[in-house]
Amino acid sequence: MLNYDLTASMVLFHTDIAEIEHVLHLIRSSPLKIKVYLVDNSANNDLEKVKENWDVVYIYNNDNLGYGAGHNIAMKNAYDEAKYHLVINADIDFDPDVFKRSLDYMEANPDVGLLSPMIKHPNKQMLYYCRLLPTPFDLFARRFLPFFLKDIFKKKLDDYLLANKDYSKQMNIPNLPGCFMFARTSVLRQIDGFDENFFMYVEDIDLTRRIHKISKTIYNPEIVVVHSLARGSYNALKLTLYHIKSAIYYFNKWGWFFDDERVEINKKVNSSTN
C-alpha cells in the first residue's frame, strides 16, 4: 500500500549534522507526505540526535557499505511505500517546491523513469552535469590530465559534458548526477537499484544508463538545486583510488573501447539535442 507521496534516502558518512538538518527542514517544508531514510555508514552512530528531533527512519550500518549499497537498503524498504523515490545528498540546497514540481512532472510524463534538475554552484553558475556515456578517455582525462593538456582536448571534453548544448531545454540524457535523482520506484525495482559492486563514484552513471535503456532519463531545467561540489576524490588519495577502481569496474562491465550500445546512445543524444 502506498502511504507516501515520496520516499527519500540520504547516505551519510560522518556528515555534518547541520547539513543534514538543513535538508530535512526543506523536506518538511514541502506539502507532500515524504518518508525520509537516513542510512548511516559512519563508524559511530552519532546521529541518534537527528532521529530524535526529526521524523525519519535512521538506519545505522556499523560499517561503510558504500554509497549505492546504502541507498539500496532504503529503496528496498520504500518500493511499496511510494510511487517515487528520491536519492539526495546532504550538501545541496533548493526551494521546497522542487518536490511537488518534480512529482507533478513525473505524473504528467509516465514514460520518464528518472528526473534530474538543473544544478548550480552556490555562486549561481550552472554546472554541466548532463553528460554522454563516457569513454575511458573521458573519465580519466577529466580527472588526471594536467590543465595545459585539458586545453588541448577542450573540445572533446566539452562534447562529453554537452557543454555546447542548450541547457535551457529539457533533454533525455543517459548520464545524470547522483546528488538529486527523482526516480519512479517501479523502474528502480525493475533494474534492482544500484549496482553494489561500485563502492563509491560512477554508480550514478551506471544507474542512469540502465534506467535509460528502459525509460526516459530527463534533465529538466525548470527544477533547480544548488550543489556545493566538494569533489572529494580530487583531494584525497584514498578517494581517488575508489574513483579509479569504480571506473575500471564500469568499463569491465560495459566495455572499454568496444561498446556499441554507448556509441548508439551517444549518437541519439547528440542528434536530439542539436
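The values are calculated or read from the model by the stated rules, or taken from the named source; none is laboratory data. All of these numbers come straight from a predicted model, not from anything done at the bench. When we count neighbours, we look across all protein chains shown, and the Cβ atoms used for this are built from the backbone with ideal geometry, even at glycine.
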Q. Across segment 94-148, what is the total count of residues that are under 17 Å from the mean Cα position of the chain (by Cα) and basic (Lys, Arg)?
A. 2
(Q) Criterion first (hydrophobic (A, V, I, L, M, F, W, C), buried (at least 18 other Cβ atoms within 10 Å of the Cβ) and more than 19 Å from the chain's Cα centre (by Cα)) does Val50 satisfy it? (A) yes
Q) Would segment 67-74 turn up any residue that is of a type in the set (Val, Ile, Thr), outside any strand (DSSP E or B) and under 30 Å from Ile214 (Cα atoms)? A) yes
**Q.** Options Val187, Val226; residue that is closer than 24 Å to Ile119 by Cα, in a helix (DSSP H, G or I) and of a type in the set (A, V, I, L, M)
**A.** Val187
Q) Any idea how many residues of segment 98-144 are farther than 26 Å from Ala247 by Cβ, in a helix (DSSP H, G or I) and either among the hydrophobic types (A, V, I, L, M, F, W, C) or at pLDDT below 95 (or both)? A) 5
Q. If you check every pair at least six apart or on different chains, which have Cβ atoms under 8 Å apart with a residue in segment 245-273 that is polar (S, T, N, Q) first and a residue that is surrounded by 11 or more Cβ atoms within 10 Å (Cβ to Cβ) and in a helix (DSSP H, G or I) second?
A. Ser246/Glu203
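Can you spot a residue in segment 40-53 that is assigned to a strand (DSSP E or B) and either of a type in the set (Lys, Arg) or closer than 24 Å to Lys83 by Cβ (or both)?
No, segment 40-53 has no match at all.
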Q) With respect to the numbered conditions (1) of a type outside the set (A, V, I, L, M, F, W, C); (2) at pLDDT 95 or above; (3) under 23 Å from Tyr242 (Cβ atoms), which one is the sole condition not fulfilled by Asn64? A) (2)
Q. Would it be correct to say that Asn64 is of a type in the set (S, T, N, Q), within 14 Å of Phe194 (Cβ to Cβ) and crowded, with 17+ Cβ neighbours inside 10 Å?
A. no
(Q) Among the residues of segment 17-30, are any at pLDDT 90 or above, small (Gly, Ala, Ser), within 17 Å of Leu86 (Cβ to Cβ) and loosely packed, with under 13 Cβ neighbours inside 10 Å? (A) yes
Q: Of the numbered conditions (1) touching a Leu at 6+ places or on another chain (Cβ under 7 Å); (2) in contact (Cβ under 8 Å) with a residue 60 or more places away in the chain; (3) closer than 24 Å to Leu239 by Cβ, Ser9 fails exactly one; give the number of that condition.
A: (1)
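Residues checked against (1) surrounded by fewer than 17 Cβ atoms within 10 Å (Cβ to Cβ); (2) out of contact with any Ser or Thr (no Cβ under 6 Å at 6 or more places or on another chain); (3) among the hydrophobic types (A, V, I, L, M, F, W, C):
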| residue | (1), (2), (3) |
| --- | --- |
| Arg184 | no, yes, no |
| Met200 | no, yes, yes |
| Ala236 | yes, yes, yes |
| Asn270 | yes, yes, no |
Q: Tell me which of these Leu145 doesn't satisfy, since it passes every other one: (1) surrounded by 13 or more Cβ atoms within 10 Å (Cβ to Cβ); (2) touching a residue at least 24 places away in the same chain (Cβ under 8 Å).
A: (2)
Q.
Looking only at segment 145-179, how many residues end up being within 27 Å of Phe199 (Cα to Cα), in a helix (DSSP H, G or I) and of a type outside the set (Ser, Thr, Tyr)?
A. 1
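Residue by residue, here is whether (1) without any contact (Cβ under 8 Å) to a residue 60 or more places away in the chain; (2) under 22 Å from Asp91 (Cα atoms); (3) buried (at least 20 other Cβ atoms within 10 Å of the Cβ) holds:
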{"position": "Leu176", "(1), (2), (3)": "no, yes, yes"}
{"position": "Val187", "(1), (2), (3)": "no, no, no"}
{"position": "Asn197", "(1), (2), (3)": "yes, no, no"}
{"position": "Ile223", "(1), (2), (3)": "no, yes, yes"}
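Looking at Phe94, is it of a type in the set (Phe, Trp, Tyr) and closer than 25 Å to Ile191 by Cα?
Judged against the criteria, Phe94 is not a match.
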